[in-house]
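In what follows, a single structure is set out as structure tokens and then discussed.
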Amino acid sequence: MSVLPVLMVTTIGLVPVHPAPAPGAPGVDQQYLPADKSGLLTSRTPQSLVWATVQREGGLGEIFYPTIGGPSARSLTFAVTARGGLAEAATVRTEQLDGLRFRQIFDGRGWRLTADYTTDPVRSSVLVDLDLAAPRGYELFAIYDPALGNSRGGDAGRTVDGALTATDGDVSSALAGAFTATSSGFAGVSDGLTDLRDGRMDRRHPSATAGYLVQTAALRGRHSTLALGFGDTEAAALDTARRSLRTGFGPVARAYTAGWTGYLKGLTGPPRGAAPQLWATSAMILAALEDKTHPGAYVAAPASPWAFGTDDPSGPYHLVWSRDLYQIATGLIAAGDRAGAHRALDFLFGVQQRPDGSFPQNSQVDGTPVWGGLQLDEVALPIVLAYQLGRADTWPSVRRAADFLAGYPGAPFTPQERWENQSGYSPNTIATAIAGLVCAASIARGHGDTASAERYLTTADSWRARVKSWTVTTTGPYSDRPYFLRLTKDGNPDAGTAYDIGDGGPVGVDQRTVVDPSFIELVRLGILPPSDADVVNSLAVVDAQLGVATPRGFFWHRASFDGFGEQLDGSQWEYDEPPGSRVSRGRAWPLLSGERGEYEIAAGNLRAARTRLAAMARATGPGGMLPEQVWDRTPPAGRPGFAPGTPTFSATPLAWTHAEYLRLARNLAEGRLVETPAAVTERYGR
């Protein structure tokens, strides 16, 4: 539940005005909405190319069309007006309904607004069913902020036959319903909320030229249904919206729910010990984040946290990442959706770089590379996934990737490790590279290529033999016994080599003081036993340095001195935070609880692993969404409502977190790590 000023109560007076085009072009650019979503909607059908997010503070946030790779709307929210002209806060409660459908209840002083959301399974439209319970004199308005074609500016709008249409290039939208008045204006100048501040809808502009468009509709009666349709032309969008309205909210919602119910019936079902609703939600969230035009392209999150909300077009969370896609695919396997995992693998090998065999750091949903970095774990993990899925048919692609790993100059030194902002010898990256080569060797032998198999195994054995000499310090300040570092810059973990942390963190930091829990991958992938003395000691170091005890469970920061998160006063992380400023702080990551639980399963401590699963469940926000980060014990100073263990404003839902929940739940039920490659454990005898 949240209490935020998302609905306005003001004096209403609808008086005749002389229509004129909206003044104030282009208006004020506003970044995308906060990333802590409380719901995600999309149908299970390929005909409906629309996704909608639900805002924790009320209303719909970014709406994606025609792919999950970028929004075409910034928001669809509501305003309530009444006699008296007093703005008041509304208490907003989000309820999850059957089949990834959501309802919000807005409670004001003396009135209540209920909003039910769905998307149309047979066309690209979003429907909202609104019911206002209030005394006479209250009125309801819809405020629509388009961002067509993944661009917040450049939208032109007008009223057409009582509906509000908007166009930017080859993408159009239409908002239709029973309206008594409409207007198209510019954000911050002539938009609906600006107009309604005086309690009167004075401005009913019939059109607005290209700019930061905001459209407003006064709704007739206490019960209304809105349809927001999309298309490649204004006429197509308007036709889509009106067809959905004619079908009716009830039939559309029932068909939507039936699609998700059918999907869940095809899965393995929640394993014993998992929270059934969260398990189902996690599976549906992963499925919902797959693009419908480009099968297998699952994005990281339907959100743009912090400074990424200023990106135009939208930023990295709407891209496909090889590493995240591996995590998603293993989560899908754990849930019983092997078909989805196969599509993910097909997408990965479809975007594999030629001729070298590497993978893009990230890509658009159509496979177009975006950032130009290289991360060796993103080259290795597709090989591991191919092995886990038994995909011998992928041998040509596996060979290219394995040859790249084995032959990359300086490997296993990686230009970037999994947290994106550092190069070096990373135990996590080295673990994935070893597992990738061992899995590639197994596939190679199946194709009779013993020479390649031996070369891969020789390289993997060499890296396993040296991983500790590259990454385990005996001279660090945190323990008298050896422990793993996050990474080393020089392969000499006993040296005090210094580097800058990045993301606003400190500069000139001794590498022996920087730890993270990602060495657990050495155990999860079968390269080291859970009883390894250096692993066990490193866990104690990580618990002391990065652990966060909260009333909702024990969580971990992702690395020492991490600055990737809100600033200390709660404001957003920014791109331009100067090195060493330390104004921002990364909080705790629930997905790390899942990784720790997987270690504990490998170590035979199922009881401890169950506490990790329970902690992850308690980290959910409204609507059952699992976040990227939860508040640690340094919440924003002087601001209430930031309890430790509750979601921050980070990307929510995060696919990786939901995938980790599914995987940990399945592994707990099996009493073993199902995804650990047998070829690796057979070779290294864990």
Original post:
When only alpha-carbon atoms count, how far does the chain stretch along each of its three principal axes, as whole angstroms with the largest first?
Top reply: 81, 54, 45
Original post:
Is segment 274-684 best put as rounded, prolate or oblate by its Cα gyration tensor, with a ≥ b ≥ c the root eigenvalues, rounded for a/c under 1.5, and otherwise prolate when a/b is larger than b/c, oblate when not?
Top reply: rounded
Subject >> Helix-only [θ]222 nm of the chain, DSSP H runs n ≥ 4, -39500 (n - 2.57) each, per residue, nearest 500 >> reply: -10000 deg cm²/dmol
Original post:
Which residues in segment 150-188 have a backbone N closer than 14 Å to a point placed 7 Å from the Cα of Thr233 along the Cα-to-Cβ line?
Top reply: 170-173
Original post:
Once the Cβ-Cβ distance between Ala451 and Ala678 is put in as r, and R0 is 25 Å, what FRET efficiency do you end up with, to the nearest 0.05?
Top reply: 0.65
**OP:** Calculate the radius of gyration of the Cα atoms of segment 352-392 to one decimal place, then report Dmax, the largest Cα-Cα distance, as a whole number, both in Å.
**Re:** 11.1, 30
Original post:
How large is the dipole of segment 513-649 about the Cα centre if only Lys and Arg carry +1 and Asp and Glu carry -1, each at its Cβ, rounded to the nearest 20 debye?
Top reply: 600 debye
Original post:
With charges set only on the Cβ (+1 for Lys and Arg, -1 for Asp and Glu), what does the dipole of the chain come to about its Cα centre, in debye to the nearest 20?
Top reply: 1860 debye
Subject >> Farthest positive-ward along the chain dipole, Cα basis, beta-carbon charges - from Pro530, Pro34, Phe413 >> reply: Pro530
Subject >> Residue order, fewest to most surrounding Cβ atoms within 10 angstrom, among Arg663, Arg323 >> reply: Arg323, Arg663
Original post:
With each pseudo-label sitting 7 Å past Cα toward Cβ, what's the Trp371-Thr261 distance in nm, one decimal?
Top reply: 4.2 nm
**OP:** Among the aspartates and glutamates, select those whose C-alpha is under 12 Å from the C-alpha of Lys292, and discard any that sit fewer than 8 residues away in the same chain.
**Re:** Asp366
Subject >> Peptide ranges 505-515, 20-30 listed from the most packed, as the mean C-beta count within 10 angstrom indicates >> reply: 505-515, 20-30
**OP:** Between Val28 and Asp490, with labels modelled 7 Å along Cα→Cβ, what's the label distance in nm to one decimal, could you check?
**Re:** 5.2 nm
Subject >> Reach of Lys489 by Cα under 12 Å, taken over aspartates and glutamates that are not fewer than 8 positions away in the same chain >> reply: Glu417, Asp500, Asp510
**OP:** Please work out the ratio of the alpha-carbon Rg of segment 284-344 to 2.2 N^0.38 Å and round it to two decimals.
**Re:** 1.16
Original post:
Out of Gln375, Leu278, Thr394, whose Cα points farthest toward the positive end of the dipole of segment 274-684 (charges: +1 Lys, Arg; -1 Asp, Glu; placed on Cβ)?
Top reply: Leu278
Original post:
What does the charge add up to near His205, with Lys and Arg as +1, Asp and Glu as -1, over the other residues with Cβ less than 15 Å from its Cβ?
Top reply: 0
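Since every read-out is calculated from the coordinates, none of them should be taken as a lab result. Computed from a predicted structure; not experimentally measured. Using ideal geometry, Cβ is built from the backbone for each residue, glycine included, and neighbour counts are taken over all protein chains shown.
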